[in-house]
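What follows draws every value from the coordinates through simple rules; no lab data is involved. No experiment lies behind these values; they were computed from the predicted model shown. Cβ placement follows ideal geometry from the backbone for every residue including glycine, while neighbour counts extend to all protein chains displayed.
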Amino acid sequence: MSVTTVADLLQLLHRAHEKARCGQLVYREWRSTAANRSLSVAVTSAAMAEPRLRWSGRGPSAPATTHWREMWFAWPDRMRVQMEETGGPTLVAVRRGSRWSRWESTGDITHGDVASVRDVVNVPAMLKPMIFAPLAFVASLSLELVGVGVRARRPVVQVVARQHGAAGGEFHDVLDVDGEHGVMLRRATYVNEQCVHLLEAVRASFGAECSPDVFVLDPHQPVVSSDRGIIDD
């Protein structure tokens, strides 16, 4: 659909997860670690002539962190999400029908059933990604269409989202929304014009059927290998 007004955008976002029926997405996530400019006194031994000053926390030059997030999905009730850091995979969550499982790099595996009142509240958040429900995310925000573009070879609508009444430079998000499916393919969060969090799709495939085995968590081989190569825009 052609998106030229905010009303068009809201219509695109409505029930986005049903338009993107199945496929695979690969995201790169970057997050700035909060800097700490506080000093503390360090005393390493009683014999030390003078105490030393050191930065509290990670100091003013705190390193950023980068993660990868891969998703396979087939609506309405099948999804697999894998998260990986530089050192290797950290989390895997799978849903097939009403059952879900979650694996951690420690080797721990938990299970649940969305049909259970007790378990439904414990469904891993990574199996309910915001990218498939962008309308809920922007519902309380002021939206401005700023253009169109391409993300992972997909046409996108570019949007600036701000809190109502917030000053332009304080806090805002810049979003790339898939122009056909309404799925969020990029979210950049800015504080005082400095980007502090970036989630961006580097591969996006809609309509491709996934093997049923993808939606099963194998405790002996919990991580599914895939092509994570970056597609240039």
The simple spin-label model distance between ASP213 and ALA139, using points 7 Å out along Cα→Cβ, in nm, is 4.0
ALA188 and ILE109 label points (each 7 Å along its Cα→Cβ direction) are spaced in nm at 4.1
So the FRET efficiency between TRP75 and ASN122, C-beta based with R0 = 25 Å and rounded to 0.05, is 0.70
Simple spin-label estimate for PHE171/THR90, 7 Å along Cα→Cβ, in nm, reads 2.3
